[in-house]
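Worksheet: the structure to be examined is printed underneath.
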Amino acid sequence: MIELRVRKRVDRLVNPIGRGLARIGVTPTWLTMVGLSVTVVGAVLVAREAFVAGALVALVGAALDGLDGSVARARGSASLSGALLDSVADRMGETAMWAGLVFALSDSARLSLLCVLSLGASLLVSYVRGKAESLGADGRGGIMGRAERIILMTLGLLFIEYVEVMLWAMAALTWLTVLQRFYISWRQLEHGTP
């Protein structure tokens, strides 16, 4: 929802930063890789049960990664290979965060299972979009895109006493998003309208 409804406003804030970074020689690939590295450090902190620090560090990683597109546009270097790298790095960072949380919560089979279900749904949300786009549909939509998942996970880690509430909400809403994206894409492909 954030991607579809707030993207233009966010771009107005992010694009000047991207132009500034491009002027000093920062490349989108560098930002993607640094963002992923910072996110992995956040995941390690989460695994060590430093939940607040891990959440904040991972949030910085996601913010850095979120600038790569604006830097690419500012440098005139946006490419399909860069988009592929960014997408794979996003999935790797998300997997690292879930792995860190599973490790920290491994004493509880219930919470660990919710983490696995949330990760599986997160990966399927991205897969449905990618597959739909490869077939000519839009592939976007649903209530739990990447930005929403980052926000919800961050809140769950900042207020760790509510982590189970976050996990139930994440699992339910992300699986709902898989179904929403599948349905939207199915209809577009059935009716030939992207």
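Please go through (1) within 14 Å of the chain's Cα centre (by Cα); (2) closer than 30 Å to A50 by Cβ; (3) not small (G, A, S) for L158 and return the number of the only condition it doesn't satisfy.
If we test L158 against (1) within 14 Å of the chain's Cα centre (by Cα); (2) closer than 30 Å to A50 by Cβ; (3) not small (G, A, S), just (1) comes out false.
Based on this model, can you work out whether D68 counts as surrounded by 14 or more Cβ atoms within 10 Å (Cβ to Cβ), acidic (D, E) and touching a Lys or Arg at 6+ places or on another chain (Cβ under 9 Å)?
No, not satisfied.
Quick check on this structure: which one of V14, V34, V44 is within 16 Å of the chain's Cα centre (by Cα) and surrounded by fewer than 21 Cβ atoms within 10 Å (Cβ to Cβ)? Explain how you work it out, then say what you get.
Details: V14 fails: within 16 Å of the chain's Cα centre (by Cα); V44 fails: within 16 Å of the chain's Cα centre (by Cα).
Checking each option against the conditions leaves just V34.
Can you find a residue that is free of Cβ contacts under 8 Å to residues at least 24 places away in the same chain, under 18 Å from the mean Cα position of the chain (by Cα) and within 18 Å of D90 (Cα to Cα) anywhere in the range 161-168?
No, because not a single residue in the range 161-168 is free of Cβ contacts under 8 Å to residues at least 24 places away in the same chain, under 18 Å from the mean Cα position of the chain (by Cα) and within 18 Å of D90 (Cα to Cα).
Is it fair to say A58 is under 16 Å from T154 (Cα atoms), buried (at least 21 other Cβ atoms within 10 Å of the Cβ) and in contact (Cβ under 8 Å) with a residue 24 or more places away in the chain?
yes
Does the range 106-137 hold any residues that are part of a loop (DSSP other than H, G, I, E, B), surrounded by fewer than 21 Cβ atoms within 10 Å (Cβ to Cβ) and either in contact with a Ser or Thr (Cβ under 7 Å, 6 or more places away or on another chain) or in contact (Cβ under 8 Å) with a residue 60 or more places away in the chain (or both), and which are they? Spell out the reasoning first.
As a first pass, look at the range 106-137 and keep what is part of a loop (DSSP other than H, G, I, E, B): 106-108, 135-137.
Adding the requirement that they be surrounded by fewer than 21 Cβ atoms within 10 Å (Cβ to Cβ) leaves 106-108, 135-136.
Residue satisfying the conditions is S106 alone.
Of the residues A96, A78, which is on the phi < 0 side of the Ramachandran plot and part of a helix (DSSP H, G or I)?
Testing whether each residue is on the phi < 0 side of the Ramachandran plot and part of a helix (DSSP H, G or I) leaves just A96.
Could you tell me which numbered condition D86 fails, if it satisfies all but one of (1) at pLDDT 95 or above; (2) of a type outside the set (A, V, I, L, M); (3) assigned to a helix (DSSP H, G or I)?
Every condition holds for D86 apart from (1).
Return the residues of the range 144-177 that are β-branched (V, I, T), under 21 Å from D11 (Cβ atoms) and surrounded by fewer than 20 Cβ atoms within 10 Å (Cβ to Cβ); say none if nothing qualifies.
I151 - this is the single residue of the range 144-177 that is β-branched (V, I, T), under 21 Å from D11 (Cβ atoms) and surrounded by fewer than 20 Cβ atoms within 10 Å (Cβ to Cβ).
The values are calculated or read from the model by the stated rules, or taken from the named source; none is laboratory data. Everything numeric here is computed off the predicted structure, so don't read it as measured data. Glycine gets a Cβ as well: all are built from the backbone with ideal geometry, and neighbour counts include every protein chain shown.
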